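Peer 1: Got a structure for you, questions after.
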Amino acid sequence: MRHLLTGFEFSQEEYLDILDTAAAMKKDPRKYSKVLEGRSGAIMFEKPSLRTRTTFELAFYRLGGHGIYLDLQNGDLGKRETIADYARNLSRWVDCLVGRVYAQSTLEELAKYGSVPVINALSDLYHPAQAMADYLTVREHLGKLAGVKLCYMGDGNNVTNSLLVAGGILGVNVECCVPEGCGPDVQIFDRANELAKTHGAVLRVFNDPSKVKDVDVLYTDTWVSMGDNTPLDRVRKKYMPYQINDALLEQSGASLVLHCLPAHRNYEITDEVMDGPKSVVFDEAENRLHIHMSVLSKLVENN
Ligand code: CP
Ligand code: NVA
(Lines give C-alpha, C1' and ligand atoms only; values in the text may rest on other atoms or scores of the structure.)
(Ligands and ions follow the chains in the order given, each with its own letter.)
Protein backbone atom coordinates (compact mmCIF):
# COMPACT_ATOMS: atom_id res chain seq x y z
CA MET A 1 0.00 0.00 0.00
CA ARG A 2 1.53 3.34 -1.06
CA HIS A 3 0.57 6.50 0.80
CA LEU A 4 1.62 10.13 0.36
CA LEU A 5 2.01 11.19 3.98
CA THR A 6 5.32 13.04 4.06
CA GLY A 7 6.87 13.05 0.59
CA PHE A 8 9.74 10.83 1.79
CA GLU A 9 7.91 7.80 0.38
CA PHE A 10 9.08 8.26 -3.20
CA SER A 11 12.42 7.95 -4.97
CA GLN A 12 13.74 10.54 -7.41
CA GLU A 13 12.66 8.30 -10.27
CA GLU A 14 9.12 8.14 -8.86
CA TYR A 15 8.99 11.90 -8.33
CA LEU A 16 10.03 12.46 -11.94
CA ASP A 17 7.42 9.95 -13.07
CA ILE A 18 4.72 11.85 -11.09
CA LEU A 19 5.85 15.13 -12.66
CA ASP A 20 6.01 13.65 -16.17
CA THR A 21 2.55 12.12 -15.81
CA ALA A 22 1.17 15.43 -14.54
CA ALA A 23 2.69 17.20 -17.56
CA ALA A 24 1.16 14.63 -19.92
CA MET A 25 -2.25 14.96 -18.21
CA LYS A 26 -2.04 18.73 -18.50
CA LYS A 27 -1.40 18.43 -22.23
CA ASP A 28 -4.13 15.94 -23.01
CA PRO A 29 -6.51 15.48 -20.04
CA ARG A 30 -9.18 13.65 -22.05
CA LYS A 31 -6.82 10.74 -22.62
CA TYR A 32 -7.03 9.98 -18.88
CA SER A 33 -10.78 10.37 -18.42
CA LYS A 34 -11.37 6.73 -17.48
CA VAL A 35 -8.32 6.06 -15.33
CA LEU A 36 -10.35 6.06 -12.10
CA GLU A 37 -13.68 4.94 -13.54
CA GLY A 38 -15.82 3.50 -10.75
CA ARG A 39 -13.34 4.59 -8.06
CA SER A 40 -13.92 7.14 -5.35
CA GLY A 41 -12.19 8.95 -2.54
CA ALA A 42 -13.10 10.80 0.64
CA ILE A 43 -11.73 14.35 0.79
CA MET A 44 -11.59 15.32 4.46
CA PHE A 45 -10.75 18.85 5.54
CA GLU A 46 -10.30 20.05 9.11
CA LYS A 47 -9.10 23.44 7.81
CA PRO A 48 -10.23 25.86 5.08
CA SER A 49 -9.07 25.52 1.47
CA LEU A 50 -9.66 26.96 -1.97
CA ARG A 51 -7.01 25.38 -4.19
CA THR A 52 -6.52 21.98 -2.62
CA ARG A 53 -10.17 21.16 -2.18
CA THR A 54 -11.19 22.33 -5.66
CA THR A 55 -8.35 20.57 -7.40
CA PHE A 56 -8.71 17.24 -5.59
CA GLU A 57 -12.46 17.16 -6.35
CA LEU A 58 -11.77 18.08 -9.97
CA ALA A 59 -8.94 15.57 -10.23
CA PHE A 60 -11.27 12.72 -9.26
CA TYR A 61 -13.88 13.98 -11.73
CA ARG A 62 -11.43 14.38 -14.61
CA LEU A 63 -10.10 10.87 -14.08
CA GLY A 64 -13.63 9.45 -14.22
CA GLY A 65 -13.88 8.89 -10.47
CA HIS A 66 -15.77 10.60 -7.67
CA GLY A 67 -14.44 12.64 -4.75
CA ILE A 68 -16.72 12.98 -1.73
CA TYR A 69 -16.01 16.10 0.31
CA LEU A 70 -16.33 15.67 4.07
CA ASP A 71 -16.35 19.00 5.86
CA LEU A 72 -14.75 18.52 9.26
CA GLN A 73 -14.26 22.17 10.09
CA ASN A 74 -17.02 22.06 12.68
CA GLY A 75 -16.06 18.75 14.23
CA ASP A 76 -12.49 17.57 14.21
CA LEU A 77 -11.63 14.02 13.28
CA GLY A 78 -11.71 11.71 16.27
CA LYS A 79 -14.44 13.58 18.15
CA ARG A 80 -17.59 11.70 17.11
CA GLU A 81 -15.83 8.37 16.79
CA THR A 82 -12.19 7.34 16.94
CA ILE A 83 -9.94 8.10 14.00
CA ALA A 84 -9.31 4.37 13.69
CA ASP A 85 -13.05 3.63 13.33
CA TYR A 86 -13.42 6.54 10.93
CA ALA A 87 -10.71 5.02 8.74
CA ARG A 88 -12.16 1.50 9.00
CA ASN A 89 -15.61 2.74 7.91
CA LEU A 90 -14.41 4.81 4.99
CA SER A 91 -12.10 2.06 3.76
CA ARG A 92 -15.17 -0.15 3.16
CA TRP A 93 -16.63 2.41 0.73
CA VAL A 94 -13.93 4.47 -0.93
CA ASP A 95 -10.59 3.76 -2.61
CA CYS A 96 -8.56 6.59 -1.12
CA LEU A 97 -8.51 9.09 1.77
CA VAL A 98 -7.35 12.65 1.13
CA GLY A 99 -6.91 14.60 4.37
CA ARG A 100 -6.10 18.16 5.44
CA VAL A 101 -5.53 17.93 9.16
CA TYR A 102 -4.16 19.79 12.14
CA ALA A 103 -1.85 17.01 13.28
CA GLN A 104 0.34 14.80 11.09
CA SER A 105 -0.41 12.00 13.56
CA THR A 106 -4.06 12.01 12.37
CA LEU A 107 -2.93 11.04 8.87
CA GLU A 108 -0.57 8.39 10.23
CA GLU A 109 -3.47 6.93 12.19
CA LEU A 110 -5.79 6.94 9.16
CA ALA A 111 -3.11 5.08 7.24
CA LYS A 112 -2.55 2.61 10.08
CA TYR A 113 -6.18 1.64 10.58
CA GLY A 114 -7.58 2.17 7.08
CA SER A 115 -6.95 -0.16 4.19
CA VAL A 116 -6.73 2.35 1.32
CA PRO A 117 -4.05 4.91 0.33
CA VAL A 118 -3.95 8.12 2.37
CA ILE A 119 -2.86 11.40 0.78
CA ASN A 120 -1.69 14.39 2.82
CA ALA A 121 -3.48 17.55 1.64
CA LEU A 122 -1.60 19.63 4.29
CA SER A 123 -0.80 18.98 7.92
CA ASP A 124 1.12 20.89 10.57
CA LEU A 125 4.35 19.38 9.18
CA TYR A 126 3.99 18.79 5.46
CA HIS A 127 2.24 19.86 2.26
CA PRO A 128 3.77 17.29 -0.11
CA ALA A 129 1.48 17.61 -3.13
CA GLN A 130 1.99 21.38 -3.02
CA ALA A 131 5.75 20.92 -3.35
CA MET A 132 5.27 18.55 -6.30
CA ALA A 133 3.14 21.17 -8.09
CA ASP A 134 5.75 23.81 -7.25
CA TYR A 135 8.59 21.84 -8.79
CA LEU A 136 6.47 21.02 -11.83
CA THR A 137 5.99 24.78 -12.25
CA VAL A 138 9.71 25.49 -11.84
CA ARG A 139 10.57 22.81 -14.39
CA GLU A 140 8.05 24.19 -16.89
CA HIS A 141 9.65 27.62 -16.70
CA LEU A 142 13.35 26.79 -16.28
CA GLY A 143 13.41 23.52 -18.24
CA LYS A 144 15.20 21.64 -15.43
CA LEU A 145 15.28 20.99 -11.68
CA ALA A 146 18.67 19.49 -10.88
CA GLY A 147 21.06 22.28 -9.90
CA VAL A 148 18.35 24.97 -9.70
CA LYS A 149 18.59 27.19 -6.60
CA LEU A 150 15.33 28.02 -4.82
CA CYS A 151 15.31 30.39 -1.86
CA TYR A 152 12.35 30.27 0.53
CA MET A 153 11.77 33.52 2.47
CA GLY A 154 9.88 34.01 5.73
CA ASP A 155 8.37 31.51 8.13
CA GLY A 156 9.69 27.96 8.17
CA ASN A 157 6.50 25.89 8.04
CA ASN A 158 4.78 22.88 6.48
CA VAL A 159 5.35 24.22 2.95
CA THR A 160 9.03 24.90 3.69
CA ASN A 161 9.48 21.36 5.02
CA SER A 162 7.93 19.87 1.90
CA LEU A 163 9.99 22.05 -0.43
CA LEU A 164 13.09 20.71 1.36
CA VAL A 165 11.98 17.08 1.14
CA ALA A 166 10.97 17.16 -2.53
CA GLY A 167 13.83 19.52 -3.42
CA GLY A 168 16.41 17.25 -1.79
CA ILE A 169 15.06 14.23 -3.68
CA LEU A 170 14.88 16.11 -7.00
CA GLY A 171 18.38 17.58 -6.69
CA VAL A 172 17.22 21.19 -6.19
CA ASN A 173 19.37 23.43 -3.97
CA VAL A 174 16.91 24.77 -1.41
CA GLU A 175 17.82 27.67 0.85
CA CYS A 176 15.62 28.99 3.64
CA CYS A 177 16.15 32.59 4.67
CA VAL A 178 14.16 32.92 7.89
CA PRO A 179 14.27 34.88 11.15
CA GLU A 180 16.24 33.23 13.93
CA GLY A 181 14.14 30.55 15.62
CA CYS A 182 11.66 30.39 12.72
CA GLY A 183 13.37 27.72 10.63
CA PRO A 184 11.96 24.51 9.20
CA ASP A 185 11.59 21.38 11.31
CA VAL A 186 15.11 20.26 12.26
CA GLN A 187 14.50 16.52 11.93
CA ILE A 188 12.84 16.89 8.56
CA PHE A 189 15.65 19.17 7.39
CA ASP A 190 18.31 16.64 8.45
CA ARG A 191 16.55 13.77 6.73
CA ALA A 192 15.98 15.80 3.55
CA ASN A 193 19.62 16.94 3.66
CA GLU A 194 20.87 13.35 3.66
CA LEU A 195 18.83 12.69 0.52
CA ALA A 196 19.97 15.96 -1.05
CA LYS A 197 23.61 14.92 -0.64
CA THR A 198 22.97 11.71 -2.56
CA HIS A 199 21.41 13.78 -5.36
CA GLY A 200 24.15 16.41 -5.51
CA ALA A 201 22.07 19.20 -3.95
CA VAL A 202 22.71 21.51 -1.02
CA LEU A 203 20.08 22.49 1.55
CA ARG A 204 20.75 25.36 3.93
CA VAL A 205 19.10 27.66 6.46
CA PHE A 206 20.31 31.19 7.23
CA ASN A 207 18.96 34.40 8.74
CA ASP A 208 20.44 37.35 6.85
CA PRO A 209 18.29 38.55 3.89
CA SER A 210 21.24 40.55 2.48
CA LYS A 211 22.84 37.15 1.67
CA VAL A 212 20.03 36.19 -0.74
CA LYS A 213 22.03 36.18 -3.98
CA ASP A 214 22.46 34.18 -7.20
CA VAL A 215 19.06 32.56 -6.79
CA ASP A 216 16.91 31.14 -9.60
CA VAL A 217 13.58 30.99 -7.75
CA LEU A 218 12.21 33.01 -4.83
CA TYR A 219 9.39 31.44 -2.81
CA THR A 220 7.32 32.63 0.11
CA ASP A 221 4.25 31.70 2.16
CA THR A 222 2.20 33.31 4.90
CA TRP A 223 3.95 34.38 8.10
CA VAL A 224 1.15 32.83 10.18
CA SER A 225 -0.19 29.41 9.21
CA MET A 226 -3.70 28.04 9.67
CA GLY A 227 -4.31 26.92 13.21
CA ASP A 228 -2.18 29.74 14.66
CA ASN A 229 -4.40 32.66 15.67
CA THR A 230 -1.59 35.22 16.03
CA PRO A 231 -2.64 38.40 14.16
CA LEU A 232 -0.38 39.05 11.15
CA ASP A 233 0.37 42.57 12.36
CA ARG A 234 1.88 41.20 15.55
CA VAL A 235 4.62 39.42 13.59
CA ARG A 236 5.02 42.08 10.90
CA LYS A 237 8.17 43.64 12.34
CA LYS A 238 9.96 40.31 12.68
CA TYR A 239 9.19 39.12 9.16
CA MET A 240 9.14 42.35 7.13
CA PRO A 241 12.89 42.11 6.28
CA TYR A 242 12.02 38.79 4.58
CA GLN A 243 9.27 40.24 2.38
CA ILE A 244 9.58 39.52 -1.34
CA ASN A 245 9.55 42.99 -2.89
CA ASP A 246 11.19 44.57 -5.93
CA ALA A 247 14.43 45.31 -4.08
CA LEU A 248 14.84 41.74 -2.82
CA LEU A 249 13.88 40.34 -6.21
CA GLU A 250 16.57 42.40 -7.92
CA GLN A 251 19.21 41.59 -5.31
CA SER A 252 18.43 37.85 -5.55
CA GLY A 253 18.78 37.63 -9.32
CA ALA A 254 15.75 35.31 -9.39
CA SER A 255 13.85 34.85 -12.62
CA LEU A 256 10.79 33.24 -11.02
CA VAL A 257 8.66 33.96 -7.96
CA LEU A 258 6.37 31.36 -6.41
CA HIS A 259 3.85 31.47 -3.56
CA CYS A 260 1.64 28.53 -2.59
CA LEU A 261 -1.24 30.98 -1.92
CA PRO A 262 -3.36 32.30 -0.31
CA ALA A 263 -1.18 35.43 -0.37
CA HIS A 264 -1.32 38.20 2.19
CA ARG A 265 -0.51 40.97 -0.22
CA ASN A 266 2.00 43.55 1.00
CA TYR A 267 2.95 41.33 3.93
CA GLU A 268 5.06 38.40 2.70
CA ILE A 269 4.88 39.57 -0.94
CA THR A 270 4.18 42.95 -2.51
CA ASP A 271 1.54 43.61 -5.15
CA GLU A 272 4.28 44.66 -7.56
CA VAL A 273 6.04 41.32 -7.35
CA MET A 274 2.94 39.16 -7.19
CA ASP A 275 1.44 40.88 -10.25
CA GLY A 276 4.83 41.35 -11.94
CA PRO A 277 6.41 39.50 -14.88
CA LYS A 278 8.41 37.01 -12.78
CA SER A 279 5.47 35.78 -10.75
CA VAL A 280 4.14 32.36 -11.77
CA VAL A 281 1.80 31.92 -8.82
CA PHE A 282 -1.28 31.17 -10.90
CA ASP A 283 0.58 28.62 -13.06
CA GLU A 284 1.55 27.09 -9.75
CA ALA A 285 -2.08 27.07 -8.57
CA GLU A 286 -3.18 25.52 -11.87
CA ASN A 287 -0.57 22.80 -11.56
CA ARG A 288 -2.11 21.63 -8.30
CA LEU A 289 -4.83 20.05 -10.46
CA HIS A 290 -2.45 18.21 -12.76
CA ILE A 291 -0.31 16.96 -9.89
CA HIS A 292 -3.35 15.73 -7.99
CA MET A 293 -4.54 13.85 -11.06
CA SER A 294 -1.11 12.29 -11.40
CA VAL A 295 -0.80 11.36 -7.71
CA LEU A 296 -4.31 9.89 -7.60
CA SER A 297 -3.66 7.84 -10.70
CA LYS A 298 -0.43 6.44 -9.24
CA LEU A 299 -1.81 5.62 -5.79
CA VAL A 300 -5.39 4.62 -6.51
CA GLU A 301 -5.35 3.07 -9.98
CA ASN A 302 -3.13 0.13 -9.14
CA ASN A 303 -4.25 -0.37 -5.55
N1 CP B 1 -1.96 26.32 -1.41
C2 CP B 1 -3.03 25.76 -0.83
O3 CP B 1 -2.98 24.66 -0.27
O4 CP B 1 -4.17 26.51 -0.91
P5 CP B 1 -5.54 26.20 -0.16
O6 CP B 1 -5.28 26.39 1.32
O7 CP B 1 -6.52 27.19 -0.69
O8 CP B 1 -5.93 24.79 -0.44
N1 NVA C 1 1.60 27.37 5.63
C2 NVA C 1 0.26 27.62 5.21
C3 NVA C 1 0.01 27.01 3.88
C4 NVA C 1 -1.35 27.27 3.31
C5 NVA C 1 -1.58 26.60 1.99
C6 NVA C 1 -0.71 27.08 6.25
O7 NVA C 1 -0.48 25.98 6.77
O8 NVA C 1 -1.68 27.77 6.55
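The values are calculated or read from the model by the stated rules, or taken from the named source; none is laboratory data. The model shown is predicted, which means the values in this text are computed figures rather than measured ones. As a convention, Cβ positions derive from the backbone with ideal geometry for all residues, glycine included, and neighbour counts pool all protein chains shown. Ligands, DNA and RNA are stripped out before the accessible areas are found, and what is left, the full protein with its side chains, is counted by its heavy atoms. Shrake-Rupley method; radii C 1.70, N 1.55, O 1.52, S 1.80 Å.
Peer 1: Sort out for me the Cα centre separation of region 259-303 from region 144-176, rounded to whole Å.
Peer 2: Using only Cα atoms, the two centres lie 15 Å from each other.
Peer 1: Between LYS197, LYS237, LYS79, where does the largest GNM mean-square fluctuation fall for the chain, given springs only between Cα atoms within less than 10 Å?
Peer 2: Evaluated over the chain, the most mobile residue of the options is LYS79.
Peer 1: Additional query: For the chain, which whole percent of the accessible surface, found with a 1.4 angstrom probe, sits on carbon and sulfur atoms?
Peer 2: So the carbon and sulfur contribution to the accessible surface is 48 percent.
Peer 1: On a 0 to 90° scale, report how tilted helix 128-142 is relative to the longest principal axis of the chain, with both axes built from alpha carbons and the result rounded to the nearest 10.
Peer 2: 50 degrees
Peer 1: On the principal axes of its Cα set, how long, how wide and how thick is region 193-248? Give whole Å, largest value first.
Peer 2: For region 193-248, the Cα spread along each principal axis is 40, 30, 17 Å.
Peer 1: Could you sort LEU110, LEU58 by their accessible area in this structure, using a 1.4 Å probe and putting the largest first?
Peer 2: LEU58, LEU110
Peer 1: Send over the per residue convex hull volume for region 1-132, Cα only, as a whole number of Å³.
Peer 2: Enclosed volume per residue, from the Cα hull, is 102 Å³.
Peer 1: Just tell me the longest site-free run in the chain, where the sites are GluC sites (Glu not before Pro) in a DSSP loop having at most 11 other beta-carbon atoms within 10 Å.
Peer 2: 181-303
Peer 1: Can you list the residues, at least 5 places off or on another chain, whose amide H is less than 5 Å from the amide H of VAL205, using H built in the peptide plane?
Peer 2: Sorted by chain and number, the residues that satisfy this are CYS176.
Peer 1: Order ASP221, ASP20 by their accessible area, 1.4 angstrom probe, all chains in place, largest first.
Peer 2: Output order, biggest surface exposure first: ASP20, ASP221.
Peer 1: Largest first, please: the extent of the C-alpha atoms of region 112-172 along each principal axis, to the nearest Å.
Peer 2: Largest first, region 112-172 extends 41, 25, 16 Å along its Cα principal axes.
Peer 1: Please work out the ratio of the alpha-carbon Rg of region 218-272 to 2.2 N^0.38 Å and round it to two decimals.
Peer 2: 1.13
Peer 1: Sticking with this structure for a sec: For every other residue with a beta carbon closer than 11 angstrom to the beta carbon of LEU122, add +1 if it is Lys or Arg and -1 if Asp or Glu, then tell me the sum.
Peer 2: +2
Peer 1: Can you give the Rg to Rh ratio for the chain, taking only C-alpha atoms and Rh from Kirkwood?
Peer 2: Rg divided by Rh gives 0.96.
Peer 1: Pop out the ³J(HN,Hα) list for region 193-204 in order, Karplus 6.51 cos²θ - 1.76 cosθ + 1.60 with θ = phi - 60°, rounded to Hz; leave Gly and Pro as x.
Peer 2: 5, 4, 5, 4, 4, 6, 10, x, 10, 10, 10, 7
Peer 1: Lys and Arg at +1, Asp and Glu at -1: add these up for the other residues within a Cβ distance under 12 Å of ARG191 and post the number.
Peer 2: Residues near ARG191 contribute -2 overall.
Peer 1: Along region 14-23, what does the Karplus equation 6.51 cos²θ - 1.76 cosθ + 1.60 (θ = phi - 60°) give for ³J(HN,Hα), rounded to whole Hz, x for Gly and Pro?
Peer 2: Once rounded to whole Hz, the list reads 5, 4, 5, 5, 5, 5, 5, 5, 4, 5.
Peer 1: Rounded, prolate or oblate for region 1-65? Axes are the square roots of the Cα gyration tensor eigenvalues, ordered a ≥ b ≥ c, and the cut-off for rounded is a/c under 1.5.
Peer 2: In terms of gyration-tensor shape, oblate.
Peer 1: Give the long-range amide H neighbours of TYR69: residues separated by 5 or more places, or on another chain, with amide H under 5 Å away, using H modelled in the peptide plane at 1.01 Å from N.
Peer 2: ILE43
Peer 1: Diagonalise the Cα gyration tensor of region 81-240 and give the resulting equivalent ellipsoid semi-axes, square root of 5 times each eigenvalue, largest first, whole Å.
Peer 2: For region 81-240, the semi-axes come out at 30, 20, 13 Å.
Peer 1: Here is a further query. Across region 110-123, in residue order, what do the Karplus-derived ³J(HN,Hα) couplings come to in whole Hz, using 6.51 cos²θ - 1.76 cosθ + 1.60 with θ = phi - 60° and x for Gly and Pro?
Peer 2: With the stated coefficients, region 110-123 comes to 4, 5, 5, 9, x, 10, 10, x, 10, 10, 7, 9, 2, 9 Hz.
Peer 1: Still on this structure, I have one more. Specify whether the C-alpha gyration tensor of region 64-161 places it in the rounded, prolate or oblate class, a ≥ b ≥ c being the square roots of the eigenvalues: rounded for a/c under 1.5, otherwise prolate if a/b is larger than b/c and oblate if not.
Peer 2: prolate
Peer 1: Would you kindly calculate the translational diffusion coefficient of region 174-303, applying Stokes-Einstein with the Kirkwood radius from alpha carbon pairs, for 4 °C and a viscosity of 1.567 mPa s, and quote it in µm² s⁻¹ without decimals?
Peer 2: The diffusion coefficient I find is 78 µm²/s.
Peer 1: Could you provide, to the nearest whole Å², the per residue accessible area of region 1-91 with probe 1.4 Å?
Peer 2: Averaged over the residues of region 1-91, the accessible area is 53 Å².
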